[in-house]
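These notes are about the structure you will find just below.
The values are calculated or read from the model by the stated rules, or taken from the named source; none is laboratory data. Quick caveat: nothing in here was measured; it's all calculated off a predicted structure. Reconstructed Cβ throughout: ideal geometry from the backbone, glycine too, with neighbour counts over all protein chains shown.
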């Protein structure tokens, strides 16, 4: 090892200067130091996060900003986020149960009680029990619990402390990365990767303590849904959209037909809006249409629709299969309001973050693809099948799961882009 002077130790690491706010480039040392500090300055933990997790997070944030002087620190920070997640879950487990005793069932079915307030001591006693199980979730079902990352992630999800089907599918990767760090392999990462891992850790920790992250990557808060106008020409060659409150100032070179929806502005799939089918990335609600611009403005003056917010993680959609074909997903209220002849067939209620994830999952199930479970959480899809049966049975299960099943009666309206796409698919 080369012994360096204090001045040499304080010198900037040239590799860090290549990362700028605009991507790869080159920065002055003082600008790089300022930039890397700002990258993590906004990452904060909720007030009620336990002190041990908070202190560990601050260690990582401090190490990150010193990566300007030692590039290898970025790798150490990213690796440490994998281990800190497990620590945070342990702290949350102890905090959640406070001074309660947890019932532990062994492989013979014998039950004993262990205090959970001190997690290291709890874990020491847990390891003495063969194939331990604990009760989890609202159902209080017995489930395997090893006290390590895999078990803690399952516990947190069952208790509703972690949400999202796409996040659930990330859990095996989290475990693999944690094991890679624990067992040791040499690698070198970048400030960008370290910052993303630190940001993801902050999001996850905050969500464990009940605090979503506005515009977050993993656990965002409810998204805003303003009223949006979608218009198209008679020959369906032109489709436009924009905020409905700007419709009065719009100038149409040709006459357009409009519909009004409550949706996320910037939804990449909004041009494919279908009033009866869940074709957009985020939930979109039909309000009015079709009609002319003047009719749309008149309706808005009468109804005065307002924006709202919508939580899309773990939403439930329903999918119909009939005659070997799979329909596009729809929302439970829309399905409940369909004409009787359209309510036939076998229905599936699926918990997803994006509606089209349900379509892919049911098509895989129909095709008998390995690893795609017809009930419960899928190993290969970000989907959790809540119920299967006729529509009445499925809607009852959906209601019990907490989703709204109040019938909604809407016209069968589709934008030109949606109308050009199929609504039924074969098995995958």
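Descriptive notes on the structure:
- Residues of region 298-331 that turn out to be touching a helix residue (DSSP H, G or I) at 6+ places or on another chain (Cβ under 6 Å) and without any contact (Cβ under 8 Å) to a residue 60 or more places away in the chain, as a count: 3
- If the condition is being touching a helix residue (DSSP H, G or I) at 6+ places or on another chain (Cβ under 8 Å) and free of Cβ contacts under 8 Å to residues at least 60 places away in the same chain, then region 200-236 contributes 212, 213, 216, 217, 218, 228.
- Under the condition of being without any contact (Cβ under 8 Å) to a residue 40 or more places away in the chain and surrounded by 10 or more Cβ atoms within 10 Å (Cβ to Cβ), the residues counted in region 9-30 number 11.
- Count of residues meeting criterion [assigned to a helix (DSSP H, G or I) and farther than 29 Å from residue 357 by Cα] in region 245-292: 5
- Residue within region 32-41 that is outside any helix (DSSP H, G or I), in the same structural domain as residue 198 (by TED's automatic domain parsing) and either under 32 Å from the mean Cα position of the chain (by Cα) or without any contact (Cβ under 8 Å) to a residue 40 or more places away in the chain (or both) present: no
- Hey, residue 411 within 30 Å of residue 256 (Cα to Cα), part of a loop (DSSP other than H, G, I, E, B) and over 22 Å from the mean Cα position of the chain (by Cα) or not: yes
- Here residue 102 meets the list (1) under 30 Å from residue 132 (Cα atoms); (2) in a helix (DSSP H, G or I) almost entirely, failing just condition (2).
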